[in-house]
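Notes for the one structure printed next.
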Amino acid sequence: MTTRREFLSASTGAAVGLFAISRGHATTMSKNCLADCSITEFESRIAQGDFRGMTKDMLPTPCIVVDLDMFKANVQHVADTAKANGIHVRPHVKIHKSVDVAKYQMAAGAVGLTCATIAEAELFSAAGIQGVLWTKQPVGINNTQRAIALSKKDPTFMFVADDPQVVDWVEEAAEAHKAKVRIAVSVYAGMARQGIDCGQPAVDLAKKIDSSKHMQFEGFMAYSGAAAHTKGFENRKQKSMEVLAGVRESKDQALKAGLPVNIMSGGSTGTYNIDHETGLSELECGSYVFMDTEYFIVGGQDGDMKRYNDFKPALTILTTVDSEHHPNIITTDYGAKALAKATDQVKDMPWLTVGVQGAEYGALKWNDGDKFPKLGDRLEIYCTNLDQSTNAFDRYYVAQNDKIVDVWPIMGRAGAAQR
Ligand SMILES: Cc1ncc(COP(=O)(O)O)c(C=O)c1O
């Protein structure tokens, strides 16, 4: 924790803040406290990238904190494992929506990025990252035109299709705009949400794409969320082999039909060390960079079912206890708007139960005899689902131990889920 003296001496020039807080209480009150502690001053330091003397206890809550060393270890672990297993990594950005995170992934050898929305694809491509794969097919004028425009601007961009009707729409738009697009066929892998039937239907769609002068068939995309979260390593492996049997068959048939199969994309944080055996050529894993409680309990090869030890829990949501009046329950600022969930876990105090008392009000509950937090305490919480939680914030505070060393913006946070 930074003392006021340290923070003051670390900062030069403009007035600096009185941010030394202990358990939520200012340790010293300056006559200029309100001015010194202003959010304007804090934001100006963030904008300048001046983090000297800044520590976790100064952050406005609720907010997301990323442990830089754990994050880097996670990125490296997937990169090393994939390299050893001879499989590429095209990590999914839906988890983090951060160009800064993506740059670490690319530096560690990723062949591109996987995106859930055309907005993500545009952003990451515009940031200079090549090999962006959008894993939803373009439907409607907005998405189709954007997919065509991005293909023209960035010839390394690819997207998927699972329906001949969509391929016709894309063909029409590509013809009108004199574009050439790259398409992978999305095949069913045990999830009802997308994917054409494997085998002949998938190969027929591939042929349709291949026969167009405006389209290039790239291969297949097959993602299974159920396999990703199957509990126990051996069960997960078995499930992955089963749900991807169809995509292996589709590949064999496509090759027999003389089609090129450049990519076999899919996989997840749960199957990153399995998919080199299931027939995939690249991994779309995402959550591994930070980890969430849904993944904590899937179990790794070490058999520990309480913590998936392959990856470190690099992301927490920092919250402040801001009211205490009733037995066995205390109020925090981590409420429904910050996506607090009963399945979250409190770091270092796993016996506490997370609850919601309102949009901006969270609860922590405990049983008689348990150690419990007090008014002014700050706690860190592991969220349940990164895709959702990171979408509720606009920046990551990046920390090494207690010190803030960077801030990474979260893309597109203007209120819309995407645009
Ligand atoms: C299309 C697709 N690929 C891959 C993933 C894998 O992500 P994770 O590693 O976070 O499970 C997801 C997650 O939802 C996804 O939707």
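Read the figures in this text as sums done on the coordinates, not as results from a lab. These numbers come from a predicted model, not from an experiment. Neighbour counts run over all protein chains shown; Cβ positions are idealised from the backbone, glycine included.
Could you please tell me the mean projected area of the C-alpha convex hull for the chain, averaged over all directions and given in square nanometres to one decimal?
One quarter of the hull surface, i.e. the mean projection, equals 22.4 nm².
Between E175 and I39, what is the label-to-label distance in nm when each label sits 7 Å out along the Cα-to-Cβ direction?
Output for this residue pair reads 5.4 nm.
What is the gain in length, in nm to one decimal, between V139 and Q200 on full extension, counting 0.36 nm per residue of separation less the C-alpha to C-alpha distance? Walk me through the numbers on the way to the answer.
Numbers: separation 61, 0.36 × 61 = 21.96 nm, distance 2.34 nm.
That pair, V139 and Q200, stretches by 19.6 nm at full extension.
Given region 212-262, what whole percent of its Cα pairs are spread farther than 17 Å?
Numbers: 611 of 1275 pairs.
Every Cα pair in region 212-262 considered, those over 17 Å come to 48 percent.
Quick one: putting +1 on the C-beta of Lys and Arg, -1 on the C-beta of Asp and Glu, what dipole do you get for region 69-296 around its Cα centre, in Debye to the nearest 20?
Details: 24 positive and 26 negative charges, 68 e Å.
With only Lys, Arg, Asp and Glu charged at Cβ, the dipole is about 320 debye.
Tell me the trypsin sites (Lys or Arg not before Pro) within region 201-269 that lie in a loop according to DSSP and have at most 10 other beta-carbon atoms within 10 Å. Before the final figure, lay out each step's value.
On the way: sites: K207, K208, K213, K231, R236, K237, K239, R248, K251, K256; in loops: K213, K231.
Answer by residue number: K213.
Counting only the backbone N, which residues of region 258-283 are under 13 Å from the spot 7 Å out from the Cα of N85 toward its beta-carbon?
Zone members listed by number: 266-283.
Across region 42-185, how large is the tail of the calculated P(r) beyond 27 Å, expressed as a percent of all Cα pairs?
37
Once R0 is set to 35 Å, what does the formula 1/(1 + (r/R0)^6) return for the Cβ-Cβ distance between K103 and M241, expressed as a FRET efficiency to the nearest 0.05?
That gives a FRET efficiency of 0.55.
So what is the relative contact order of region 234-314, in percent, for Cα pairs below 8 Å that sit 6 or more residues apart?
Values: 92 pairs, mean separation 18.7, N = 81.
It rounds to 23 percent for region 234-314.
Under the rule of at least 5 residues apart or a separate chain, name every residue whose amide H is placed under 5 Å from the amide H of R182.
Result for R182 returns F159, Q216.
How do S151, S250 rank when sorted from fewest to most other Cβ atoms within 10 Å of their own Cβ?
Lowest to highest Cβ neighbour count: S151, S250.
Let me confirm the definition first: pairs of Lys residues in region 324-413, 8 or more apart or on different chains, C-alpha distance under 15 Å. How many are there? Please report the intermediate quantities before stating the final value.
Numbers: K341/K365; K347/K365; K347/K371; K365/K374.
Counting lysine pairs in region 324-413 gives 4.
Quick one: among T81, T293, T40, which has the greatest mean-square fluctuation in a GNM of the chain with alpha-carbon springs under 10 angstrom?
Highest fluctuation among the options: T40.
Which residues does the label zone of K72 cover in region 381-407, counting backbone N under 11 Å from a point 7 Å along Cα→Cβ?
It comes to 400, nothing else.
If you rank E175, E324, E218 by fewest surrounding Cβ atoms within 10 Å, what's the result?
Values: E175 13, E324 16, E218 24.
If I rank by nearby Cβ atoms, fewest first, I get E175, E324, E218.
Could you work out [θ]222 nm for the chain from helices alone, using -39500 (n - 2.57) per DSSP H run of at least four and dividing by all its residues? Round to the nearest 500 deg cm²/dmol.
On the way: 14 runs with 130 residues, N = 419.
Taking each H run of at least 4 residues, the total per residue is -9000 deg cm²/dmol.
Please enumerate, by chain and number, the lysines with C-alpha under 24 Å from the C-alpha of K180, excluding those fewer than 8 residues away in the same chain.
K136, K152, K153, K207, K208, K213, K251
Neighbouring Cβ atoms within 10 Å as the yardstick, rank D310, D154 fewest first.
Working: D310 22, D154 19.
The fewest-first ordering by Cβ neighbours comes to D154, D310.
Tell me, what is the percent relative contact order of region 315-384, built from C-alpha pairs under 8 Å that lie six or more residues apart?
In percent, rounded to a whole number, it is 42.
At 7 Å along Cα-to-Cβ for each site, give me the label-to-label distance between T156 and I46 in nm.
Computed distance between label sites T156 and I46 equals 3.1 nm.
Quick one: the Cα spread of region 72-154 along its three principal axes, in angstroms, biggest first?
That works out to 42, 24, 21 Å along the principal axes.
Show the residues, 5+ positions off or on another chain, whose built amide H is closer than 5 Å to the amide H of A399.
It is V66, D67, L68, V405, by chain and number.
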